[in-house]
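Q: Questions regarding the structure given below will be posed in turn.
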Amino acid sequence: MTVEAGGGEPRGIGARLRTAREKRALTLLQAAERLHLDTRVVEALEAEDFAALGADVYVRGHLRRYAEAVGESPAQLLELYSSAPHAARPDLTRIPHRESDERGARLLLPALLLVVGFALAGSLWWLLTLPGEKARPLPAERTPSAAEVPAAQAAAGGATAGEPAAVPAAAQGRAATPTTMRGPAPAGAARAARLELTFSAASWVEIADASGRHLLQGLIDGGSMRTLSGSAPLRVVLGNAPAVALRFNGQPVLPGALVRRDGSAHLLIDNDGRVSAAAPRLAHGN
C-alpha cells in the first residue's frame, strides 16, 4: 500500500523503505548483507509481499531491523503495518481432528489373534515335518604319537639313510597351518579440507563444515585473504561471489553458473573439490 502526502512523499511501507535505501546509496544486495538476510526478504519487504515472510512476528522483526538500518522510523512503519488489512491466516490449532473409529478398534484384536494363530500353526507343522535324521559330527583328526613316528619311518623301505624321513600328511598339514591371523589394516584418518579465499572487493561470507561448525562468518573487506580448515563437504555462502576467488586443497574452485543474478552464491564443495548448489536458508529476524 503506497499513499503520497501533499508534498508527493511516498507514505507506503515499501516505498519508504526503498526511498531510504536509495538515499543511502545501497543496493538490494548491500542492504541484505548489512541485515544478514537473503535478498528475497528485502525484495518482499519493499514489495509489501508480507505473506512470503511467514508469521506476523517475523514480518514485524524484519520491518524493525530494515527501518533502523536505512534510517526510517520503526514505530511509524509498524503502525502502518498494523493499520493495513492483511489476509487472514488459518489457525492450525483449531483444525478438527477425526475421532477414532471404535469399530476399527474392535476388529483389530481379532485380526491380530488370527495372524498369531496362523504363525503358530505354521511353526508346529514345520517342526513335525522335519526329517528324523540328525546331523553327524565329523570325526576328529587323530594326532600320531611319538612311538608311532619311528614305526612309520621304518615301514618306508625306499628311504635311504642320508635322506630325511617322510612326515605324515596330517602332521605336514598341521605344521603348515599359520598360528596367527592378521586383521584388516585400519583405514587412514580422514584429511581436513583446506579452503583459501581472496577478496577483491567486500563480500558477506558464511562457511560451515560437515559437522555444522562455522569456520567463517561476517562481512570481509576487499584486499583480504582467509585460509580455513574443516571436514568436507563445506557449505559456502557468498554475498558478492564475483569478488571472491576460491582454492580448495590448492585447486581453483569456479562457481560459474551457480552465481545468481544478484551476485550471491550458495555452494557445496565435497571432499574431491566438486562444486554443487546448496539449498539456501531464509533467515528470520527477531
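Q: For region 261-278, what are the residues that are without any contact (Cβ under 8 Å) to a residue 24 or more places away in the chain and surrounded by fewer than 18 Cβ atoms within 10 Å (Cβ to Cβ)?
A: Passing the criteria: Arg261, Asp272, Arg274, Ser276, Ala277.
Q: Considering only residues that are within 15 Å of Asp272 (Cα to Cα) and basic (Lys, Arg), look in region 206-255 and name the one that is surrounded by the most Cβ atoms within 10 Å (Cβ to Cβ).
A: Arg235
Q: Any idea how many residues of region 259-276 are aliphatic (A, V, I, L, M) and modelled with pLDDT under 90?
A: Selection size over region 259-276: 0.
Q: I would also like to ask the following. Pairs, please: C-beta under 8 Å, at least 6 apart or cross-chain, first residue within 15 Å of Thr19 (Cβ to Cβ) and in region 40-51, second basic (Lys, Arg) and modelled with pLDDT of 85 or more?
A: Matching pairs, first to second residue: Glu46/Arg18; Glu46/Arg21.
The values are calculated or read from the model by the stated rules, or taken from the named source; none is laboratory data. Since this is a predicted model, take the numbers as computed values, not measurements. Reconstructed Cβ throughout: ideal geometry from the backbone, glycine too, with neighbour counts over all protein chains shown.
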